[in-house]
Amino acid sequence: MARKRIMKIVEYGLLFAILSPIFSSIATIFQSGATKTLNPLIVASIGGLLGSVILFAIIFSTGERKIFARAKKNSKDLAAMTLLRAIIGQVLLATGLSMTTGVKAIFFTKIEPYFVLGFHWLIEKERIRPRQLALLAVHIVGVIILSTGGIFTLGTAQFGDLLIIIAMLMFASSYVFGARLSKHLGARVSNAITLGIGGLIILPFALTFSPTVAWTSTVGWEYLVSYVILFNVIALTLWFAALKTVKGWIVSALRAVGPLFGLPFAYVLFGETLTEIQLAGAAIVLITSALIAREHKVHKRKRM
């Protein structure tokens, strides 16, 4: 009975790991629209605060108590998670999205598994094999093709793409802290606290450096609220919940399913499409992401 219960919990974890990138990719399209009509700092700050308020309302409505006492015991992991994901990562991502298209961004986020595995290799001192380096090289080629469309000129869009990739590095570095927080605090509490603190820290910068007109776009606020519900409330909570029972590299690798759902939304909402060359690059990104995850899984089985 106990074994069946454990298997059922793991299956739910895998389901959460699949659903999270679907909501995340769709949310990225709305987030991209919000950063262009409002301001990246407004999106990073208000998005975090609004998501935190909604989550805390849900938490307290369920009668959950002693949240902050438990949070104090995990303050170091909360601080690291907030800095890496809710502050640096979110500001870089929002800024990058304001410079490039959302349809490209949902594919650039798929570079995250390499960063997750990179940290794994560093921590566990595993030897990187030639096959893995080859997959990484092909993946980078796909990223370049997707970003440039075969026209190798550097501009604002390419700089935005680079910021998104660096944001993925920050997100990847937070996996170990997210896994511990999910087990000790729970998915919703971990998410609510880090989002709230991150949003509060960014808020003074948003108020100082965002022009007044940036706060007045009705459409921008609609995009922002949609992004908050889809990403900060749903996708991130599912991500934390998945990390509770599923290995971080598996959760990261399953993010490859997201663009398949995000692509139609980008076209319907903003008319964003990819050229044939960019689609080829996007396919390379997704395929190599799946292969590197499989490579890592096979390697771990051999070690066991």
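The values are calculated or read from the model by the stated rules, or taken from the named source; none is laboratory data. Model, not experiment: these values are computed from the prediction. Here the Cβ is made from the backbone with ideal geometry for all residues, glycine too, and neighbour counts use every protein chain on show.
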Would you confirm whether or not region 66-73 contains a residue that is surrounded by 18 or more Cβ atoms within 10 Å (Cβ to Cβ), of a type outside the set (A, V, I, L, M) and touching a helix residue (DSSP H, G or I) at 6+ places or on another chain (Cβ under 7 Å)?
no
Only one of PHE23, PHE56 that is modelled with pLDDT of 90 or more, surrounded by fewer than 24 Cβ atoms within 10 Å (Cβ to Cβ), in contact with a Phe, Trp or Tyr (Cβ under 8 Å, 6 or more places away or on another chain) and assigned to a helix (DSSP H, G or I)
PHE23
Near pairs, Cβ below 6 angstrom, 6+ apart or cross-chain, from region 70-86 (under 13 Å from ALA167 (Cα atoms)) to any residue that is surrounded by fewer than 23 Cβ atoms within 10 Å (Cβ to Cβ) and aliphatic (A, V, I, L, M)
LEU84/MET170
Take LEU207 and decide whether it is more than 16 Å from ALA86 (Cα to Cα) and either surrounded by fewer than 24 Cβ atoms within 10 Å (Cβ to Cβ) or without any contact (Cβ under 8 Å) to a residue 24 or more places away in the chain (or both).
yes
Tell me whether region 62-73 contains one or more residues that are modelled with pLDDT of 90 or more and in a helix (DSSP H, G or I).
no
Which listed residue is within 21 Å of the chain's Cα centre (by Cα), surrounded by fewer than 17 Cβ atoms within 10 Å (Cβ to Cβ) and either of a type in the set (Gly, Ala, Ser) or in a helix (DSSP H, G or I) (or both), from PHE231, PHE265, PHE261:
PHE261
Any residue that is farther than 28 Å from LYS247 by Cα and not in a helix (DSSP H, G or I) - is there at least one of those in region 142-149?
yes
